Amino acid sequence: MIANAVKHYEPMDFKAMWPMALALLLPLACMFSTFLVRGVWSNSELEKLLRFALAVPVLWLLLRAPTRWLKAVEWSILAGALAGAALLIVTMETEGRGAMVDVGGRYNAVAFANLTLLFGGMTLLSLGWGPSTRWPRIETAVKLLAVALTVAATWVSETRSSWMLLPILGLVFLLGLRNWKGRHKAYCALAVCVALAASAAAIWTFSSRMQEISHDVEGFATSANRDTSFGIRLQLWHASILMFEKSPIVGVGPSKFRDELLALQKQDIVTEEVVEGFGEPHNDMLAALSGYGLLGLLSILTLYLLPAAIFFRRLASDDRVIRVGAQLGLLFCLGYCAFSLTEMMFRNMRSVPNYSLIVVTLIALTTPRAARAAPAVAPR
């Protein structure tokens with residue numbers, strides 16, 4: 001980018017980049033704002049947020065890549081779905097749920113299952129592109145197998161929040177039915193609603209961890225047992241709100257979260273289990289709100305919803321590559337956003353480039369080629 005800015009090999013074309021540049025740079029700006037106001041600094045937080053910011057020059061390069069290269073992202077997503085499902089199933093059956101942190105790239109079982117099911121949903125939507133190889137039947141069969149395995153792996157993981165993806169997947173699928181007649185869309189919407197209702201009933205009936213929710217809520221309400229899975233989350237969320245109230249504009253700083261928890265324990269707001277076992281609120285939105293205040297909440301919502309809005313607009317394209325790519329992007333952003341309500345999807349530093357690079361790849365893929373100016377001829 002610097003060489004091009006100096007030599008003017010081609011137009012910089014910032015118009016196609018600025019919305020995503022804004023979304024990817026805002027978290028870093030929030031960190032500096034909190035540092036300037038409260039003097040709170042964290043090297044690890046800087047490294048994490050730089051991984052968002054560094055996706056901006058990657059986007060500039062990808063906007064100049066041929067569409068057929070970018071469309072190959074479907075194979076990375078398929079590989080992620082297959083590998084994630086296999087690793088999740090084998091680990092759960094042999095080592096148990098707690099071992100996922102050691103074998104799954106430092107992701108816990110919840111985040112790993114979330115990403116696995118998300119890649120499975122994206123693989124399902126990628127069928128809308130049609131075959132990309134000389135073996136269309138084998139390709140379709142492998143993709144459907146990957147989808148089935150991700151569902152099975154998520155079930156085996158006993159993760160509850162992952163199933164939030166299903167209604168989002170249904171919505172994104174329906175939004176992509178551009179050329180269908182209204183009556184056919186209505187029939188399809190009805191079928192999707194029936195399938196979702198049946199899935200919800202089955203998950204609630206046969207999942208033992210779903211049944212635990214009512215007991216957890218009752219134990220928390222009566223103070224009989226506040227340290228259940230759900231009860232701990234409620235304590236962390238309450239603590240995050242109190243931290244936000246302490247510094248509503250720029251937050252208290254993410255590195256101060258555990259110190260603030262310790263102070264709240266002395267007031268009997270959170271238990272000792274929460275203080276010793278958790279250094280974040282199990283919610284990316286509340287982590288941003290407590291750590292960086294309203295500026296932080298704005299930044300993470302922008303990170304999710306601004307690219308989602310771009311993908312939503314591109315669903316109207318007549319180009320099937322763009323339309324299906326926009327479906328993948330919309331599912332990815334909304335899925336991550338939903339998962340962030342009950343889990344810290346950005347706790348692990350590795351998940352930041354996972355999100356930012358996939359988003360910019362799909363943004364570049366769905367950018368209409370005709371909308372970009374032709375490269376200028378370099379002077380001799």
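Please treat every number below as a calculation from the coordinates, not as lab data. Not measured: the values here are computed from a predicted model. A quick note on method: Cβ atoms are made from the backbone with ideal geometry, for glycine too, and the neighbour counts reach across all protein chains shown.
Rounded to the nearest 20 debye, the dipole size of region 253-331 about its Cα centre is 600 debye, using +1 on the Cβ of Lys and Arg and -1 on the Cβ of Asp and Glu.
The ranking of S356, S255 by Cβ neighbour count inside 10 Å, starting from the fewest, reads S255, S356.
Cross-link reach is defined here as a Cα-Cα straight distance under 22 Å, omitting same-chain residues fewer than 8 places apart; for K256 the lysines meeting it are K48, K246, K266. Net charge dipole, the chain: roughly 2080 debye, given to the nearest 20, about the Cα centre with Cβ charges of +1 for Lys and Arg and -1 for Asp and Glu.
Sort 58-68, 17-27, 197-207 for me by packing, meaning the mean count of neighbouring Cβ atoms within 10 Å per residue, highest on top.
Ranking the peptides 58-68, 17-27, 197-207 by packing returns 17-27, 58-68, 197-207.
Using a cutoff of 8 angstrom between alpha carbon atoms and counting only pairs six or more residues apart, the relative contact order for the chain works out to 24 percent.
Per-residue ellipticity at 222 nm, computed for the chain from helices alone with -39500 (n - 2.57) per DSSP H run of at least four residues, works out to -23000 deg cm²/dmol.
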